[in-house]
Amino acid sequence: MTIATGQQAPDFELKDQNGDAVKLSSFRGQKAVALVFYPFTFTGVCEGELCALRDDFSEFENADVQVLAVSCDSRHAQRVWAEQQGYQFPLLSDFWPHGAIAKAYGVFNEALGCANRATFVIDKDGKVVDTFASADLGTPREQSSYKAAREKVT
């Protein structure tokens, strides 16, 4: 079951592309979080989406929102991709146990072994204030959804 608006966001700790541990609850009381699940590193639609977040990064900073991007890829692949694309936000590896966090949020695609394209916007108290997803893996999320979500946490 997908985590819904109004629910407490399940806490987790994952390694980022540099091997550093990132714990969701460490942002409580400090920053809101845009938790961005994406299917696969080094793929066109995912790259387009994350590059759009990179290009609008100051909008997230100004709204005091931390972007955390999550896929089931290894952190080693994510590190190379982050370096190539210049992402300023953590790419978190949900590699092992495979897809555990995507499953906790109800967005793991069992047939393909990846996260579905879904975003959870979490306020400073750890509560989900907005969620949005694309209809399928080949369709990017609407960038306007991020703007509307940022307005809910500022």
Task: Hz values of 3J(HN,Hα) by residue in segment 129-137 - Karplus curve (6.51, -1.76, 1.60), Gly and Pro given as x - done: 10, 7, 9, 7, 8, 9, 5, 7, 5
Open item on the list: Over the Cα atoms of segment 63-146, each weighted equally, I'd like the Debye log10 I(q)/I(0) at q = 0.11, 0.12, 0.24 Å⁻¹, rounded to two decimals.
Closed with: -0.32, -0.38, -1.41
Open item on the list: Could you sort the peptides 142-150, 75-83 by per-residue average Cβ neighbour count (10 Å cutoff), highest mean leading?
Closed with: 75-83, 142-150
- [ ] Any of K31/K147; K15/K152; K127/K147 with alpha carbons more than 21 Å apart? Name them for me.
- [x] K15/K152
TODO: Considering Cα pairs under 8 angstrom that are at least six residues apart, work out the relative contact order of the chain and quote it in whole percent.
DONE: 31 percent
Open item on the list: As a test, work out the antiparallel percent of DSSP beta bridges whose residues both lie in segment 1-78, rounded to the nearest 5.
Closed with: 35 percent
Open item on the list: Spelling out what I want: for every residue of segment 80-86, take phi, set θ = phi - 60°, compute 6.51 cos²θ - 1.76 cosθ + 1.60 (Karplus), and round to whole Hz; glycine and proline get x.
Closed with: 4, 5, 4, 5, 5, 9, x
Task: DSSP beta bridge pairing in the chain, given as percent antiparallel to the nearest 5 - done: 65 percent
- [ ] Using the Karplus curve 6.51 cos²θ - 1.76 cosθ + 1.60 with θ = phi - 60°, work out ³J(HN,Hα) for each residue of segment 35-47 in order, rounded to whole Hz, and write x for Gly and Pro.
- [x] 8, 10, 7, 9, x, 9, 5, 6, 10, x, 5, 5, 4
Open item on the list: Over segment 1-102, with the other protein chains present, what is the accessible area per residue in square angstrom, probe 1.4 angstrom?
Closed with: 45 Å²
TODO: Note the listed values (i) 15.1; (ii) 17.0; (iii) 17.8, then indicate which one is Kirkwood radius over Cα pairs in Å calculated from this particular structure.
DONE: (i)
Task: Percent carbon-and-sulfur accessible area, the chain, ignoring ligands, DNA and RNA, probe 1.4 Å - done: 49 percent
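The values are calculated or read from the model by the stated rules, or taken from the named source; none is laboratory data. Predicted model only: the values in this text are computed from it and were never measured. Reconstructed Cβ throughout: ideal geometry from the backbone, glycine too, with neighbour counts over all protein chains shown. Heavy atoms of the whole protein, side chains included, go into the accessibility calculation; ligands, DNA and RNA do not. Shrake-Rupley method; radii C 1.70, N 1.55, O 1.52, S 1.80 Å.
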